[in-house]
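Peer 1: First, the structure itself, so that you have it in front of you.
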Amino acid sequence: MIEADAHTRSRSDTDLLESYAAGDQSAARALTARLVPGIHALAWRMLNDHAEAEDVTQEAMLRLWRIAPNWSDRGAQVSTWLYRVATNLCIDRLRKRGRNVATEEVPELPDGVPEVVAKMEADERARALKDALTDLPERQRTAIILRHFEDRTNPEIAEILDASVEAVESLLSRARRTLASRLAPLRPVSGLVEGAD
Amino acid sequence: MTDDPKNREDDDLEAFFAAARADTPPLDIRLVNAVLADAAEQTALRIPRTDTSRTRESRFSVRTVFAAFGGWPTAAALTLCGMIGFIAGISGGGDIAQSYYWGETASVDSAPDALLDFIDTSLAEG
C-alpha cells in the first residue's frame, strides 16, 4: 500500500510528526502507513461498521495532522494519543446509536453441528466473539480490543482510557468473565469441545 | 488444554480471540488517499495562516502606529514645539508670561536667529 524506506522505518512517530509539521509529506505517508491500519481495526471492532470505522479513522488522523505543529507540548506517545482520540470518537458514536443497537441476539445454531471445515469454524468463532464484544460496556470493550487485538500494554490502555492500571486490570478481568460466560454455550459449535459425545 | 477450569476458560477465550484476530478488516485505498489528502491540505492551510498572522502583526507595528499619529510632519512639529519651549525657558520665558499677564507687550526678541532659521527650514520641509 505505502512503502517506507529503511531510514523512515527507523524514525520514531514523534520524529515523523515533527517532519510533517515542517512540511514533509513523506513523513505523513510513513505515519499513515504505520498508524492507520491499527486505528481502522480498532474502530471497526468497536463499531462493527466499515463506513463508520473509516470515518473515525479519517477524523482521528485529521486531528493528528492539525495538532502536529504543537505536538512538542503534548508529552505523550503519538500512537497512544491517537488511540485515545479514536476510542473517544468510537464511544461518542456508540452513545449516539444507543445501547439497543448493540444487543444483537446470537442466532440459533442447529443441534449436533456436523463436520465443518476449519475455516467455517474460525469464522463462526470470530463472529461469536464480535457479537459478544458488542454487548460489553464501552470501556470493557475498548480495553479488551486494545489488549487482545492491538497488543497495547495495560499502562498504555490506562493512558488511552484515562484510568489507573488497576482499573484497567479490573476492566479486563470483568470483560473476560463476561465473554467466557457468553461464549460458553457456543463452544460445542465452535469446534472447541474435546471428547464431546 | 488443562483440567483447571480457569485455564480452560482462558484457553477457550484465546481460541476465540485468535479467530477474531485473523478476521482483519480490509483497508480501503480510498481511506488511505483521503487521509493523505487531509495531511496535504492541512500543510497548505498552515502556510497562508502564517502569512496572515504576519500581516496582522504588521498592523500593530511601530511604523503603523507612527503613521496613524501623523508620521514625520507631526514628529517635526512636535520637535519644533519642544525646542521652542526649551529655548524660551532658557531665555526667560517666565518673564514673557508675566509681562503678558500684566498687559505689557511680550517680546521674543531674545530668540536666537539660528532658531528662527531652523523653524523656517523645518516648516519648508514639512
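Peer 1: Among the residues of segment A:15-28, is any out of contact with any helix residue (DSSP H, G or I) (no Cβ under 6 Å at 6 or more places or on another chain) and in a loop (DSSP other than H, G, I, E, B)?
Peer 2: Yes, segment A:15-28 has at least one match.
Peer 1: Ok, one more. Please indicate, with yes or no, whether at least one residue in segment A:88-97 is facing chain B (nearest Cβ under 10 Å) and surrounded by 23 or more Cβ atoms within 10 Å (Cβ to Cβ).
Peer 2: Checked segment A:88-97: no residue is facing chain B (nearest Cβ under 10 Å) and surrounded by 23 or more Cβ atoms within 10 Å (Cβ to Cβ).
Peer 1: If you scan segment A:30-61, which residues turn out to be touching a residue at least 24 places away in the same chain (Cβ under 8 Å), out of contact with any Cys (no Cβ under 7 Å at 6 or more places or on another chain) and buried (at least 21 other Cβ atoms within 10 Å of the Cβ)?
Peer 2: Those that are touching a residue at least 24 places away in the same chain (Cβ under 8 Å), out of contact with any Cys (no Cβ under 7 Å at 6 or more places or on another chain) and buried (at least 21 other Cβ atoms within 10 Å of the Cβ): A:30, A:31, A:32, A:35, A:36, A:39, A:42, A:45, A:57, A:60, A:61.
Peer 1: For segment A:51-67, what are the residues that are at the interface with chain B (Cβ under 9 Å from one of its Cβ atoms), under 11 Å from residue A:40 (Cβ atoms) and among the hydrophobic types (A, V, I, L, M, F, W, C)?
Peer 2: A:53, A:61
Here, each number is a calculation from the coordinates, and none is a lab measurement. Here the structure is a predicted model, which means the values were calculated and not measured. Here the Cβ is made from the backbone with ideal geometry for all residues, glycine too, and neighbour counts use every protein chain on show.
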